[in-house]
1. Can you find, within the range 35-63, the residue that is nearest to Pro98 (Cα to Cα) among those that are touching a residue at least 40 places away in the same chain (Cβ under 8 Å) and touching a Leu at 6+ places or on another chain (Cβ under 9 Å)?
2. Under 7 Å between Cβ atoms, at least 6 apart or on separate chains: pull out the pairs that start in the range 339-354 with a residue that is assigned to a loop (DSSP other than H, G, I, E, B) and end on any residue that is open to solvent by 40 Å² or more (accessible area, probe 1.4 Å).
3. State whether the residues of the range 455-466 include one that is assigned to a helix (DSSP H, G or I) and open to solvent by 30 Å² or more (accessible area, probe 1.4 Å).
4. Inspect all residues belonging to the range 117-131 and state whether any of them is among the charged types (D, E, K, R), under 30 Å from Ile13 (Cα atoms), buried (at least 16 other Cβ atoms within 10 Å of the Cβ) and free of Cβ contacts under 8 Å to residues at least 40 places away in the same chain.
5. Within the set of pairs 6+ apart or on separate chains, which have a first residue in the range 402-417 that is more than 14 Å from Gln327 (Cβ to Cβ), a second that is part of a strand (DSSP E or B) and open to solvent by less than 20 Å² (accessible area, probe 1.4 Å), and C-beta atoms under 6 Å apart?
6. Here is a list of conditions, (1) under 25 Å from Leu215 (Cβ atoms); (2) open to solvent by 20 Å² or more (accessible area, probe 1.4 Å), and Glu396 meets all of them except one; can you say which number that is?
7. Do we have Leu484 as buried (at least 16 other Cβ atoms within 10 Å of the Cβ), in a helix (DSSP H, G or I) and on the phi < 0 side of the Ramachandran plot here?
8. Out of the residues in the range 48-75 that are of a type in the set (A, V, I, L, M, F, W, C) and in contact with a Ser or Thr (Cβ under 9 Å, 6 or more places away or on another chain), state the one that is surrounded by the fewest Cβ atoms within 10 Å (Cβ to Cβ).
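The values are calculated or read from the model by the stated rules, or taken from the named source; none is laboratory data. Not measured: the values here are computed from a predicted model. All Cβ positions, even for glycine, are placed from backbone atoms using ideal geometry, and neighbour counts span all protein chains on display. Side chains included, ligands, DNA and RNA excluded: accessible areas come from the protein's heavy atoms. Shrake-Rupley method; radii C 1.70, N 1.55, O 1.52, S 1.80 Å.
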Amino acid sequence: MGKTTGFMEYERIEEGYKPVAERLKHYKEFVIGLDEAQAKLQGARCMDCGTPFCNNGCPVNNIIPDFNDLVYQQDWKSAWAVLDSTNNFPEFTGRICPAPCEAACVLNVNDDPVGIKSIEHAIIDRAWAEGWVQPRPARHKTGKKVAVVGSGPAGMAAAQQLARAGHDVTLFEKNDRIGGLLRYGIPDFKMEKSHIDRRAEQMKAEGVQIRTGVLVGAAKDGLGKGSKVTNWAKETVTPEQLQQEFDAVLLAGGAEQSRDLPVPGRELDGVHFAMEFLPQQNKVNAGDKLKGQLRADGKHVIVIGGGDTGSDCVGTSNRHGAASVTQFELMPQPPEVENRPLTWPYWPYKLRTSSSHEEGCEREFAIATKEFIGEKGKVTGLKTVRVEWKDGKMVEVAGSEQTLKADLVLLAMGFVSPVSPVLEAFGVEKDARGNARATTEFTGGYATNVPKVFAAGDMRRGQSLVVWAIREGRQAARAVDEFLMGYSDLPR
């Protein structure tokens, strides 16, 4: 694949960014993708290795060496066909996937890996520009009706696959627009929502009926603390209604129950979940009018949580015009370069600096919050302590306590489970982590204990990546199709 000696002749080419001062003025995407010549050289670096570990490093099993070679050969339409055969939404993954495929690249053993994600990004953007992405409605209808609950990447992928198999699919979403956490959790500067909108139009043309503002299985106010993004529904539908009307139901909601920090002062005004903060800005960007938007203008912001959600809070706070932004991470600072012989081909443990960090952020590692302090009911600071790990246990460092100023604290420590009332309303058994209990076995996979009710995506596996959601949506679609028809031609 690629050029036989390309990996020795050409260096990895990174996608570029527009200048910080420019991009902080807006919420639009700022990544500068590879041009045709750059993508060709990047494709040339693919090694024709005997065992392409990248295929298995990718959760959707993209056929990476093939589309790398086709880009090198400048056969872009065939490259898109190969990519489209395994991934319903490459424009999502090409923008926000962390690229485990690149960690598994054989070249990554002792060199910079092939820029697989940037090639994927270039392929799908070219496909949309050329008009190659078109609706593919089923030639024959089965007469079977399927309800897909949750319109994040898992639900979207499943709905599209099931519609292409000929089923009448209705996609239910509690919010006012489809996309799930892609829509209201990922900032627009990482992925503009027009990418979701045009996929929605494609899916409608393929026969998917989309119903937004519909909450399935729980009262509007019964979704649990930490799920503020979920209270915009205008209509409630019961599990019994779905089970009577549809031949199968697939639960594909997200793991939206935010991890809380129950320390003294948690009730103070100014301490919020990230998912109270991020969705509001996305709604404003979409043209919605919000009263009392939660903003960081002129405030000293502390983000608790060192992952991607925390990074998104950093980027959004900087665009608001925060006076300062500090991000906390409980774990020690990782090494800047991973131990490749120890970790390859798996996801490496190393320091990751996002574009939002580069826009302005102080990062604090091995630090814990002991108390939120405030005046007149509003947060004014945090009491913190340094921590270290001894014999597998976290212990406080004596004499390391300090107080930091904070006008706004955002809790971005991940998500622990789906909102429980939804699963409870259906009577679905949960695993030890509160997720829907369902296996991924080839036969009978994704089925719950409730007849004709299936579960996939974050609702089944817990908080994970967009690429895992797409994989589970596709596999669950095959399982549902097989359940309804006795066999399935859908790819697994």
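1. Pro59
2. Trp344/Val109; Pro345/Phe53; Lys350/Pro335; Lys350/Glu336; Lys350/Val337; Leu351/Gln333; Leu351/Pro335; Leu351/Glu336
3. Checked against the condition, which is being assigned to a helix (DSSP H, G or I) and open to solvent by 30 Å² or more (accessible area, probe 1.4 Å), the range 455-466 yields at least one hit.
4. Yes - at least one qualifying residue is present in the range 117-131.
5. Correct list of pairs: Gln402/Thr384; Thr403/Gly381; Lys405/Gly381; Phe415/Ser258.
6. In the conditions (1) under 25 Å from Leu215 (Cβ atoms); (2) open to solvent by 20 Å² or more (accessible area, probe 1.4 Å), Glu396 misses (1) alone.
7. yes
8. Once the filter is applied, the top-ranked residue is Ile63.
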